[in-house]
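Notes for the one structure printed next.
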Amino acid sequence: MESTIKIILFYGFASAAVISAMFVIIKKNPVTSGINLVVTFFSISGIYVILNSPFIAIMQVLVYAGAIMVLILFVIMLLN
């Protein structure tokens, strides 16, 4: 039972990551593209939690979704 729940969650997070990564490329507005990139980072973090590596999941959220995404959004806003 637990195995099927993990498989369903894995496919859910994987599909959310792929769809949001496609929206990062497709969207013209850089702010919505950045928000979709954050959704991708959180989906990948969820996959890491399912794979029993919570430290990497926390670092994924802190480093990429926290620091790198803020840096990218500041650069986008300064260049406009």
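The values are calculated or read from the model by the stated rules, or taken from the named source; none is laboratory data. Fair warning: this is a prediction, and the values are worked out from it, not measured in the lab. We place every Cβ from the backbone using ideal geometry, glycine too, and count neighbours over all the protein chains shown. Accessible surface is based on the protein model in full, side chains and every heavy atom, while ligands, DNA and RNA are left aside. Shrake-Rupley method; radii C 1.70, N 1.55, O 1.52, S 1.80 Å.
Placing a pseudo-label 7 Å from each Cα along the Cα-to-Cβ vector at residue 1 and residue 72 gives an inter-label distance of 4.0 nm. For the chain, the C-alpha radius of gyration divided by 2.2 N^0.38 Å, with N the number of residues, is 1.22.
Over the chain, Cα pairs under 8 Å with separation of 6+ residues give a relative contact order of 28 percent.
Coupling constants for segment 52-64 follow from the phi torsions by the Karplus curve (6.51 cos²θ - 1.76 cosθ + 1.60, θ = phi - 60°), and in residue order they are 6, 9, x, 5, 5, 5, 5, 5, 4, 6, 5, 7, 7 Hz; glycine and proline get x. Rolling a 1.4 Å probe over the protein heavy atoms leaves residue 78 with an accessible area of roughly 150 Å².
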